[in-house]
1. Given (1) surrounded by fewer than 24 Cβ atoms within 10 Å (Cβ to Cβ); (2) under 14 Å from the mean Cα position of the chain (by Cα); (3) not polar (S, T, N, Q), where does residue 205 come up short, assuming only one miss?
2. Test of understanding: among 60, 91, which residue is charged (D, E, K, R), within 21 Å of residue 171 (Cα to Cα) and over 20 Å from the mean Cα position of the chain (by Cα)?
3. Please find, among 155, 227, the residue that is crowded, with 19+ Cβ neighbours inside 10 Å and more than 16 Å from ligand 2 (Cβ to nearest atom).
4. Take the residues of the range 54-87 that are part of a loop (DSSP other than H, G, I, E, B) and touching a residue at least 12 places away in the same chain (Cβ under 8 Å): which is surrounded by the most Cβ atoms within 10 Å (Cβ to Cβ)?
5. In the range 1-24, what residues are of a type in the set (Gly, Ala, Ser), away from ligand 1 (no atom under 16 Å from the Cβ) and part of a loop (DSSP other than H, G, I, E, B)?
6. Residues that are of a type in the set (Lys, Arg) and at pLDDT below 95: does the range 77-94 have at least one?
7. State all residues of the range 99-115 that are crowded, with 19+ Cβ neighbours inside 10 Å and at pLDDT 95 or above; if no residue qualifies, say none.
8. Considering each residue of the range 230-250, count those that are aliphatic (A, V, I, L, M) and either within 23 Å of residue 179 (Cα to Cα) or within 16 Å of ligand 2 (Cβ to nearest atom) (or both), and give that number.
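The values are calculated or read from the model by the stated rules, or taken from the named source; none is laboratory data. Everything numeric in this text was worked out from a predicted model, so none of it was measured. Here the Cβ positions follow ideal geometry from the backbone for every residue, glycine too, while neighbour counts run over all protein chains shown.
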Amino acid sequence: MGNSRLTGDFHTHCRFSTDSDAAPEAMCEAAIARGLTEICFTDHQDLGFAEPGWFRFDPDAYFKELEAVKRAYAGRLKVHIGVELGLVPDDPRLAREAEALARDYPWEFIIGSTHLIPVWIGGRKYYADPADPRDSARSWRHFPSVRALMTVYFETVLKNLEQFDCFHTLGHIDYMCRYQPGTLQPYRYEEHAEQIDRILRTAIAKGVAVEVNTGGLYKGTGNTNPEERIIRRYLELGGKRLSYGSDAHRPEHVGYGFERLPDYGRSRSG
Ligand SMILES: [Zn+2]
Ligand SMILES: [Zn+2]
């Protein structure tokens, strides 16, 4: 059964993200062409990268430009101004920065995402992103198996969820598997059931939504992030809040695969 009720894409990027050069207007036009009535921009503010300016933007410039886009599309498309906050745990300075960023601007929607996992090299801990071509070899090479890496990933997601109170939805909770080398077997829910259930139960207890991210349908494993099995488990545990997003960084991916998603019933966007 397809899901024809989804009318908003609540995870999109434009040229304010380090990894996108899309004009916001082009993303809006794509949303309209897809029959959507709402789009939310959620550009990257990833707080854990060491490089200055990497996956950061100037919120004042962002609001100024997107407020103008919002006005230009009024009556045709509802444009929301959000952010994808990339988080790392156990760092009080970053935690204060994230909370302040969330508080000081009128974001309509905040996704809390885990893109970085701790790796130990030469006795020093640092955070690596497997989607970053400079890091992918490092992050995968330092784990003996997919299972070991995903265990660390889910542990990091859980810590971020426990330590931060500044986001509305938990982004793509198995993001790491999107970029794993194709030669490796993907993780299975059953191998991580205890960890994943803890994440889902904690999200429910905190009133944080869980995201159905269709990015994995056009890059990576061919599944949504997370896959249907895990969304069903979330609903089974009593979860009632889902958000939906394509993770589009280009116009052609806005609303990608929404028509193929199962109807999860009580879910809603945003
Ligand atoms: Zn992300
Ligand atoms: Zn994203």
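1. (2)
2. Checking each option against the conditions leaves just 91.
3. Being crowded, with 19+ Cβ neighbours inside 10 Å and more than 16 Å from ligand 2 (Cβ to nearest atom) holds for just one of 155, 227, which is 227.
4. 87
5. Residues of the range 1-24 of a type in the set (Gly, Ala, Ser): 2, 4, 8, 17, 20, 22-23.
This time we only want the ones that are away from ligand 1 (no atom under 16 Å from the Cβ), so: 2, 4, 8, 23.
Scanning the range 1-24 gives 2, 4, 23.
6. Yes - at least one qualifying residue is present in the range 77-94.
7. Result: 102, 107, 109, 110, 111, 112, 113, 114.
8. The qualifying residues number 3.
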